[in-house]
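No lab work stands behind these numbers, since they all come straight from the coordinates. Being a predicted model, the structure only gives us computed values, none of them experimental. Note that each Cβ is placed from the backbone with ideal geometry, even for glycine, and that neighbours are counted across all protein chains shown.
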Amino acid sequence: MAAKYSAKLIETVQSANTYRLGLDLAATCINANLPAVYVADVLDVTRASIHSWFRGGAIRFSRREKIETFIRLVEEDTKKGLLPAKNLRDARAYLGDMIGRPIKASK
């Protein structure tokens, strides 16, 4: 079962005073209630990579476009009222629909 985001991560994201794509990704996932383990599957990376990015870690240039597109789509769906996900099942279903295949539980 995926864990909720920690208070420390939420505070880090909210208090960030510089733009970092990973922090933007974290804020988007937190606001949409999308667990990192499922987002890792969508972005085809490890959960460790996601957590590194969430804390401002470096993101390869080749991954940036996919992440930016993911953020844009999630933000649009949040504005439409489709998100935040109410529970893990809904989050998994939403992300599975986004990529057209079932989401793996972990990677």
Failed criterion for SER62 (all others in (1) in a helix (DSSP H, G or I); (2) closer than 20 Å to LYS8 by Cβ; (3) out of contact with any Pro (no Cβ under 8 Å at 6 or more places or on another chain) hold): (2)
GLU68, sole failed condition from (1) under 12 Å from the mean Cα position of the chain (by Cα); (2) surrounded by fewer than 18 Cβ atoms within 10 Å (Cβ to Cβ); (3) closer than 19 Å to TYR5 by Cα; (4) in contact (Cβ under 8 Å) with a residue 24 or more places away in the chain: (3)
Looking across the stretch 1-16 at residues that are small (Gly, Ala, Ser) and in contact (Cβ under 8 Å) with a residue 12 or more places away in the chain, the single one that is farthest from LEU95 (Cα to Cα) is ALA16
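I need the full set of residues from the stretch 32-56 which are of a type outside the set (A, V, I, L, M) and within 9 Å of the chain's Cα centre (by Cα), in order please. Let's see the steps before the verdict.
Within the stretch 32-56, the first condition is being of a type outside the set (A, V, I, L, M), and the residues that meet it are 33, 35, 38, 41, 44, 46-47, 49, 51-56.
The answer is ASN33, PRO35, TYR38, PHE54.
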Would you call THR12 part of a helix (DSSP H, G or I), of a type in the set (Ser, Thr, Tyr) and under 14 Å from the mean Cα position of the chain (by Cα)? no
For residues that are surrounded by fewer than 16 Cβ atoms within 10 Å (Cβ to Cβ) and more than 20 Å from ALA91 (Cβ to Cβ), tally how many sit in the stretch 17-54. 4
Given the conditions (1) under 24 Å from PRO102 (Cα atoms); (2) buried (at least 21 other Cβ atoms within 10 Å of the Cβ), every one holds for VAL13 apart from (1)
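Mind telling me which of the residues ALA85, ALA40, ALA48 ends up being aliphatic (A, V, I, L, M) and not in a helix (DSSP H, G or I)? It would help to see each step written out before you state the result.
Values: ALA40 fails: not in a helix (DSSP H, G or I); ALA48 fails: not in a helix (DSSP H, G or I).
So the residue among ALA85, ALA40, ALA48 that is aliphatic (A, V, I, L, M) and not in a helix (DSSP H, G or I) is ALA85.
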